[in-house]
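*Asks:* The structure follows.
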Amino acid sequence: MHLSNALVSAQLAVGQQSCRRSSEIPDSRAKGGRMFPAPILEYFRPASVGEATRLLSGGAGENAHIIAGGQSLMQAIKSRLISPDALIDLQDIKALRSIHFDKNGLVIGAMTSYADIASDKRIPAAFAALCDAAGHVGDRQVRNRGTIGGSLCWNYIAACLPPTCLGLSATLELQNAAGRRRMVEARAFLKGPLETDRSSDELLIAIHLGPAAARTGSAYRKWGLVTDALPVVNICVSLEVGADHICREARVALGARSEGPTRVEAAELALRGVRKGDVRAIDAALDAAAEAADYQSDLWADAPYKKVLLRKIGREAVTVAFARASGEVGK
């Protein structure tokens, strides 16, 4: 699924306005601006995945949109960046709201809230970055209503969950109206800003993580203007270490980029062979990440300063990932 570049630009503009003083923001009401969504003709609340996919395949019309937690979609609708004729609300599909383990690792239902993920003590150190990210999304209201599946399918450039799932090598499970399921790696699913590999008749039903090797730890960190703000820079780090505390495998993913989240292979290669606590080697790996980040300057920070911020939060993410992999700290 792909949403227009105009929507990307408009959402960035909305985010930039939120950083301005209220006295600087023009009152759209004074100019006859529209403050409410265009009429939505139909509202569906399916009780099963099958019912939802049938609605997606045509039962709800051509201009129907899925609503999960609604934290991003409703802003776009109220701003008339999107004007759907119908909404398909997934709130009643209880099967999509779960966190459990199977023989292959951790499985998270697409309708699981950020709050439920952040507070789940069963999630191991290998996937603790997911708890970090979920706990840093917006404010309490957003964390209670927003869902992991909604975040991944929206794939906003300043979101926390897409780069985290990329850094953890998550696999996404989708189902269409015919009941056919397919598994897609996060790297293939997250195509670009507001663009994913989901077909119009498919529903994201679960996110799969693992299995993880022993002595694996991960961490997510972000920098925003305030704690609850969207990230100006963010990073997910996953490390597998040996008994000697030397990194065997590494995955590094960056978000808050104009081109969408990405893995940084140069940083991953630089981290392999690095011993826990080797600050100079860790900083060299983060230098590689900063050089590959391809940031663009914006209202929040210019590109060189974003690289400074990345090095700062990146060192903390790597340090915490090492500690978790070594069993020194929990989530």
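The values are calculated or read from the model by the stated rules, or taken from the named source; none is laboratory data. A quick note: this is a predicted structure, and the numbers were derived from the prediction, not measured. Cβ coordinates were reconstructed from backbone atoms using ideal geometry, including for glycine residues, and neighbour counts include every protein chain displayed.
*Asks:* Starting from residues that are at pLDDT below 95 and among the polar types (S, T, N, Q), keep the ones in the stretch 255-296 and report whichever is surrounded by the fewest Cβ atoms within 10 Å (Cβ to Cβ).
*Replies:* That would be Gln296.
*Asks:* Right, next: For the stretch 298-311: of the residues being part of a helix (DSSP H, G or I) and either more than 21 Å from the chain's Cα centre (by Cα) or aliphatic (A, V, I, L, M) (or both), which is surrounded by the most Cβ atoms within 10 Å (Cβ to Cβ)?
*Replies:* Only one residue fits best here, namely Leu310.
*Asks:* Check Ala253, Ala284, Ala292 and return the single one that is under 24 Å from Ile157 (Cβ atoms), without any contact (Cβ under 8 Å) to a residue 40 or more places away in the chain and among the small types (Gly, Ala, Ser).
*Replies:* Every option except Ala292 fails the conditions.
*Asks:* Restricting the search to the stretch 215-229, which residues are surrounded by fewer than 23 Cβ atoms within 10 Å (Cβ to Cβ) and out of contact with any Phe, Trp or Tyr (no Cβ under 7 Å at 6 or more places or on another chain)?
*Replies:* Arg215, Trp223, Gly224, Val226, Thr227, Asp228, Ala229
*Asks:* Let me ask something additional. Which members of the stretch 263-296 meet the condition of being in contact with a His (Cβ under 9 Å, 6 or more places away or on another chain) and part of a strand (DSSP E or B)?
*Replies:* The answer is Arg275, and nothing else.
*Asks:* Just for helices (runs of 4 or more DSSP H) wholly inside the stretch 148-214: which have at least 1 residues that are of a type in the set (Ser, Thr, Tyr) and surrounded by 18 or more Cβ atoms within 10 Å (Cβ to Cβ)?
*Replies:* 148-154, 161-167
*Asks:* Please go through (1) surrounded by fewer than 19 Cβ atoms within 10 Å (Cβ to Cβ); (2) of a type in the set (Gly, Ala, Ser); (3) touching a Lys or Arg at 6+ places or on another chain (Cβ under 8 Å) for Ala95 and return the number of the only condition it doesn't satisfy.
*Replies:* (3)
*Asks:* Taking the stretch 114-139, which residues are outside any helix (DSSP H, G or I), small (Gly, Ala, Ser) and at pLDDT 95 or above?
*Replies:* Gly135
*Asks:* Let me ask something else. Taking the stretch 217-250 as the search range and keeping residues that are more than 19 Å from the chain's Cα centre (by Cα) and assigned to a loop (DSSP other than H, G, I, E, B), which one is farthest from Ala170 (Cα to Cα)?
*Replies:* Asp244
*Asks:* Report every pair of residues separated by at least 6 positions or lying on different chains whose Cβ atoms are under 8 Å apart, first residue within the stretch 95-114 and basic (Lys, Arg), second crowded, with 19+ Cβ neighbours inside 10 Å and in a strand (DSSP E or B).
*Replies:* Arg97/Gly109; Arg97/Ser113
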